[in-house]
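Notes follow the structure.
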Amino acid sequence: MKIGVISGDGIGPEVVREAKKVLDASASKNGYSIDYTEILMGGCSIDRYGVPLTDEAINAAKASDAVLMGSIGGNTSTSPWYKLPPDKRPEAGLLGIRKALNLFANLRPSVLYDELKSACPLSEKTAQKGFDLIIVRELTGGLYFGTRYTEEKDGVTTAVDTLTYSEEEIRRCAVKAFEIASKRRKKVTSVDKANVLDSSRLWRKVTEEVARDYPDVKLSHMLVDNAAMQLVKDPSQFDVVFTENMFGDILSDEAAEITGSIGMLSSASLNETKFGLYEPSGGSAPDIAGQNIANPIATILSAAMMLRFSFDRDREASDIENAVKMVLKEGYRTTDIMSEGMKRVNTDEMGTLIAERL
Ligand code: IPM
Ligand code: MG
């Protein structure tokens, strides 16, 4: 396996180190080998090359079978990276690599673990029901990549962003959502704002067309404002939530927060091939960087997703997921998910415990 590694900024290098530890344990147990290539992106690339993403980095990613990423970016009010123009900041590197590698489908699971139910900020009744949903967010279209400009006319400044979707952009991502749903609980909730937006009306139409190819998957539509409400009211109603870029950005943070443990959530960004970019849902957490206290589980679970989606190693992926559950059951917790009576461990200890359970 040729794996590109973007350790990135903040806690990125610490959590990636643990994910590699677990991958290496899986590789030696199951008789496969991994060749890692370090790729600079984000703030560390700015420090070295003056830009968050170089052509060399893009080419190195393209030459890999998959990319494992930590996180990028720093403190937006104190880091010098944020004195740079927007297209030179760390986040521009992330948007750039998504576009350059055509990573149009972003999978963001949100799972409430039995062991962590007490961290769930929802009502106890809702938490007891549990939930296990996945957001499939379109990642290379919509407002993020539409025409954008600011102009001044007759002394009045106007800023414009455009939300554009072609039926092809919607269709290819819808196919991913239905494929995933057919391997889960066979339910797609397509989220849009079809009572206002043209792009949403097209979204609905194309999604319904795709649904005809998946007769065993149930499709329903939900307006995005209602979806935001339903996520806190009863997240157990969702299986696969399929939505456009901006709505998905917002709803996926909400879906992460209701688990009470964002340090546990993985994600994958996929294109039409087996290639994928895998990263934890959380950010670079500059405030706790370098202290060996970050939770590496989200990155470890992202590595498991990588084995599943890019290498068809379902069993090895499940082994890692089970090892994580085992360690939680045994009572080990990093600081972010610590509760009374549990055993507090550091970033590297958590990685070692999970690797050992394999
Ligand atoms: C995310 C992030 C990015 C996004 C930012 C950093 C550009 O919020 O991955 O959700 O908006 O897509
Ligand atoms: Mg976001």
Residue set Val188, Val160; condition within 28 Å of Val217 (Cα to Cα), in the same structural domain as Glu254 (by TED's automatic domain parsing) and away from ligand 2 (no atom under 16 Å from the Cβ); output residue Val188
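What's the total number of residues in segment 194-222 that are in a loop (DSSP other than H, G, I, E, B) and either among the β-branched types (Val, Ile, Thr) or within 23 Å of the chain's Cα centre (by Cα) (or both)? It would help to see each step written out before you state the result.
Just the residues of segment 194-222 that are in a loop (DSSP other than H, G, I, E, B), to begin with: 194-197, 212-217.
Those left that are additionally either among the β-branched types (Val, Ile, Thr) or within 23 Å of the chain's Cα centre (by Cα) (or both): 196, 217.
Qualifying residue count for the region: 2.
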On the given criteria, is Ser310 more than 16 Å from ligand 2 (Cβ to nearest atom), among the small types (Gly, Ala, Ser) and in a helix (DSSP H, G or I)?
yes
Have a look at Tyr82, Tyr149 and point out the one that is over 15 Å from the mean Cα position of the chain (by Cα) and either within 28 Å of Val324 (Cβ to Cβ) or part of a strand (DSSP E or B) (or both).
Tyr149
Give me the pairs: first residue in segment 191-220 and exposed (fewer than 13 other Cβ atoms within 10 Å of the Cβ), second residue assigned to a helix (DSSP H, G or I), beta-carbon distance under 7 Å, and six or more apart or on different chains, which are they?
Asp216/Ser182
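Just to check your reading of the model, which residue among Glu272, Glu316, Glu279, Glu321 is touching a residue at least 12 places away in the same chain (Cβ under 8 Å) and either within 16 Å of ligand 2 (Cβ to nearest atom) or crowded, with 24+ Cβ neighbours inside 10 Å (or both)?
Details: Glu272 fails: either within 16 Å of ligand 2 (Cβ to nearest atom) or crowded, with 24+ Cβ neighbours inside 10 Å (or both); Glu316 fails: either within 16 Å of ligand 2 (Cβ to nearest atom) or crowded, with 24+ Cβ neighbours inside 10 Å (or both); Glu321 fails: either within 16 Å of ligand 2 (Cβ to nearest atom) or crowded, with 24+ Cβ neighbours inside 10 Å (or both).
Every option except Glu279 fails the conditions.
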Enumeration of residues in segment 252-288 that are closer than 28 Å to Val5 by Cα, of a type in the set (A, V, I, L, M) and either outside any strand (DSSP E or B) or not assigned by TED's automatic domain parsing to the domain that holds Asn59 (or both)
Ala255, Ala256, Ile262, Met264, Leu265, Ala285, Ile288
Yes or no: segment 135-146 includes at least one residue that is within 21 Å of the chain's Cα centre (by Cα) and of a type in the set (D, E, K, R).
yes
Which of (1) farther than 17 Å from Val324 by Cβ; (2) in contact with a helix residue (DSSP H, G or I) (Cβ under 7 Å, 6 or more places away or on another chain) is the odd one out, the single condition Arg48 does not satisfy?
(2)
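Among the listed residues Asp225, Asp249, identify the single one that is within 12 Å of ligand 1 (Cβ to nearest atom) and either in a helix (DSSP H, G or I) or in contact with a helix residue (DSSP H, G or I) (Cβ under 9 Å, 6 or more places away or on another chain) (or both).
Numbers: Asp225 fails: within 12 Å of ligand 1 (Cβ to nearest atom).
Step by step, each of Asp225, Asp249 is checked, and only Asp249 is within 12 Å of ligand 1 (Cβ to nearest atom) and either in a helix (DSSP H, G or I) or in contact with a helix residue (DSSP H, G or I) (Cβ under 9 Å, 6 or more places away or on another chain) (or both).
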Within segment 61-85, the residues that are surrounded by fewer than 16 Cβ atoms within 10 Å (Cβ to Cβ) and either within 16 Å of ligand 2 (Cβ to nearest atom) or not assigned by TED's automatic domain parsing to the domain that holds Thr273 (or both) are Thr76
Turns out the strands (runs of 3 or more DSSP E) fully within segment 1-72 with at least 1 residues that are under 17 Å from Arg98 (Cβ atoms) are 2-8, 66-71
Assess whether Ala105 counts as being buried (at least 24 other Cβ atoms within 10 Å of the Cβ) and more than 24 Å from Ala289 (Cα to Cα).
yes
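The values are calculated or read from the model by the stated rules, or taken from the named source; none is laboratory data. Model, not experiment: these values are computed from the prediction. Reconstructed Cβ throughout: ideal geometry from the backbone, glycine too, with neighbour counts over all protein chains shown.
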